[in-house]
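The numbers here are math on the coordinates, done by the rules we state, and not lab data. All values reported here derive from a predicted model rather than from experimental measurement. Using ideal geometry, Cβ is built from the backbone for each residue, glycine included, and neighbour counts are taken over all protein chains shown.
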Amino acid sequence: MKILAIISGEYGNRHVENIKANGPDTWEIQTWQTPPVFPPFIDDPEDFLPDEMPDSDLLLSFAEHKGAAELLPDIAKRTGASAVLVAVDNEAWLPRGLDKQLHGWLQAMDVACATPKPLCSLTETEYGVTRHEMAGYDNPLIAEFAQYFGKPELALVIDPETATITSASVKRDAVCGCARFVAEGLVGLTANEAEEKAGLLHHHFPCLASMVKLPHFDQDTLMHVSGQVLKNNVGQQVKPFKTLRQFKPGKYSE
């Protein structure tokens, strides 16, 4: 699969580095750096695009400006890409109105589009749109990418006698590499410790999702939602091994 990653800063660079390091050898990954500044509205995309762009199957947009999102239909035309994946770890990069427009533009071109919010909500069949809403999709290129990167999925091995995590492997990493980092930090912890520690490790990586509170996420932030996705995956696996502390009522001394 030929992939063109569109980046504008450290957020995208870190994603591309992790994909290159841990993705399949059969993926050919190239990058395009966006211009540093965009006007409020783009009249002519030709003013912002290079004369030539590499042939691509899948576009990955990690750009941190809505102007780059407006260029995606023209980039798809130039590269021949048949699928587009846009990371929405900050709504400023793809406002909700532009998100809807982008889907319409690409659909008219017969180009598949997925806009996961946050990026680590992506699976092989769906992605997050709001706190309680998922959008489905059916595209083999995006699904192939999502087999390796998207909604974090760890595989924990837990000693039943000590309730200690003896190993933690990554079945699907977050695109940024956070799940791999968290997995390394969980080995040796008890089932009672793991879930809270997973959340702390996610924050320390650090996650680069937005800290802006969103009304359609129940006034929560995308960073917190991202961390909860990882904590839930860990929590489900350690739950059978957790021990509950019981306290017996006593009497106050005089």
List the pairs from 117/242; 117/197; 20/66 whose alpha-carbon separation is above 27 Å, in the order I gave them. 117/242
Coil-residue chymotrypsin sites (Phe, Trp or Tyr not before Pro) of segment 15-106, DSSP, other Cβ within 10 Å capped at 13: 41
Pairwise centroid distance, computed over Cα atoms, of segment 36-77 with segment 124-171, Å: 30 Å
Return the sequence-ordered ³J(HN,Hα) values of segment 219-224 in whole Hz as given by the Karplus equation 6.51 cos²θ - 1.76 cosθ + 1.60 applied to θ = phi - 60°, using x for Gly and Pro. 6, 9, 9, 5, 5, 5
Which of rounded, prolate or oblate describes segment 106-158 when judged by the alpha-carbon gyration tensor and an a/c cut-off of 1.5? oblate
Under a 10 Å cutoff between Cα atoms, tell me which one of 24, 54, 152 has the largest fluctuation in the Gaussian network model of the chain. 24
Applying the Karplus parametrisation 6.51 cos²θ - 1.76 cosθ + 1.60 with θ = phi - 60° to the phi angles of segment 124-130, what ³J(HN,Hα) value in whole Hz is obtained for each residue in order, glycine and proline being reported as x? 6, 10, 7, 7, x, 10, 9
Extension length gain for residue 203 and residue 131 (0.36 nm per residue less Cα distance), in nm, is 24.0 nm
Across the chain, where is the longest run that never hits trypsin sites (Lys or Arg not before Pro) in a DSSP loop with at most 15 other C-beta atoms within 10 Å? 1-130
Taking θ as phi - 60°, what are the ³J(HN,Hα) couplings along segment 18-30 by the Karplus curve (6.51, -1.76, 1.60), each to the nearest whole Hz, with x for Gly and Pro? 5, 5, 5, 6, 10, x, x, 5, 7, 7, 9, 10, 10
Looks like segment 2-148, by Cα gyration tensor root eigenvalues a ≥ b ≥ c and the a/c under 1.5 rounded cutoff (else prolate when a/b is bigger than b/c, oblate otherwise), is rounded
From fewest to most C-beta neighbours within 10 Å, the residues 141, 94 line up as 141, 94
Identified option (computed semi-axes √(5λ) of the Cα gyration tensor in Å; candidates (i) 39, 20, 15; (ii) 28, 20, 18; (iii) 28, 24, 21): (i)
Using amide H atoms built in the peptide plane, which far-off residues or other-chain residues are under 5 Å from residue 61 H to H? 6, 85, 86, 87
How would 64, 153 line up from fewest to most surrounding beta-carbon atoms within 10 angstrom? 153, 64
Return the calculated 222 nm mean residue ellipticity for the chain, to the nearest 500 deg cm²/dmol, obtained by summing -39500 (n - 2.57) across DSSP H runs with n ≥ 4 and dividing by the residue count. -10500 deg cm²/dmol
Subtract the Cα-Cα distance of residue 196 and residue 244 from 0.36 nm times their separation in residues, and report this length gain in nm to one decimal. 15.7 nm
